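Reviewing the structure listed below.
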Amino acid sequence: MKKYLIVLLTLLLMLSGCSTTKVKEVTDHMSYIEAHMDEGFLTGKTDYLISAMMVSAPYDTYNELELTDYHVEDDGVSVVLKGTLGEEWVTKLSKVIKSYTMPDGSEIAESYLTENKGRFMAVRAKAAPDTNYAFFVPLNTIVEVQTAWGDILYANASDTNHGKGDYLVCPAVDGKPDLSDVWVVNGAVFETTYTK
């Protein structure tokens, strides 16, 4: 099934206006990072606003930037985040508390989300320079990422705006990439949410 999806994505890219950018390769994230390790760089989140919601009923969403479906239940720990381009993804409440603040910059309390289930609430990213490592993936390359939380994401695989290309991002530990937790950041989103 995965090979079929990758072939289909490659064909869609070639037929969807990317005719000037020839697809050269489709690869897994570990192979791509190993081949481009010396091109990685320290980065970190900038200060920006997005929205977060804990659901009060089952909720389904599709992230067109990642080509990923998400299904969320009212489990008390899952949070739907809505990014700067309107894309939605799911994370854990503990990660939201660690990575975001109230819009005014004060610490976020769990109750801010738990008492407003079913409503998107504004949250501010904690600016954190040099806490991540990033690897640029040019438009002519599709990379499949199997995330630490079990989702499969694709860099540069959709027909949405990717800027000059997507980024594979992971935590930085002692200034080096921690490849046990890698995710995709859309190139158009990266420009406004991460430092270069």
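Things worth noting here:
- Taking segment 168-184 as the range and being open to solvent by less than 10 Å² (accessible area, probe 1.4 Å) and touching a Ser or Thr at 6+ places or on another chain (Cβ under 9 Å) as the test, the residues that pass are Val169, Cys170, Val182.
- Gly165 vs. criteria of a type outside the set (Lys, Arg), touching a Pro at 6+ places or on another chain (Cβ under 7 Å) and within 17 Å of Leu67 (Cα to Cα): yes
- Within segment 86-109, considering residues that are in a helix (DSSP H, G or I) and open to solvent by less than 50 Å² (accessible area, probe 1.4 Å), the one farthest from Val72 (Cα to Cα): Ser99
- Pair list, Cβ under 9 Å, 6 or more apart: segment 168-188 residue touching a residue at least 40 places away in the same chain (Cβ under 8 Å) and assigned to a loop (DSSP other than H, G, I, E, B), other residue buried (at least 20 other Cβ atoms within 10 Å of the Cβ) and of a type in the set (Val, Ile, Thr): Leu179/Ile33; Val182/Ile33; Val182/Val145; Val182/Val169
- Filter result for the condition that a residue is of a type in the set (Phe, Trp, Tyr), within 25 Å of Val55 (Cβ to Cβ) and surrounded by 14 or more Cβ atoms within 10 Å (Cβ to Cβ), over Phe135, Phe120: Phe120
The values are calculated or read from the model by the stated rules, or taken from the named source; none is laboratory data. Quick caveat, the model's predicted, so the values are computed rather than measured. Backbone-built Cβ (ideal geometry, glycine too); neighbour counts: all protein chains shown. We work out accessible area using only protein heavy atoms, side chains counted, and drop any ligands, DNA or RNA first. Shrake-Rupley method; radii C 1.70, N 1.55, O 1.52, S 1.80 Å.
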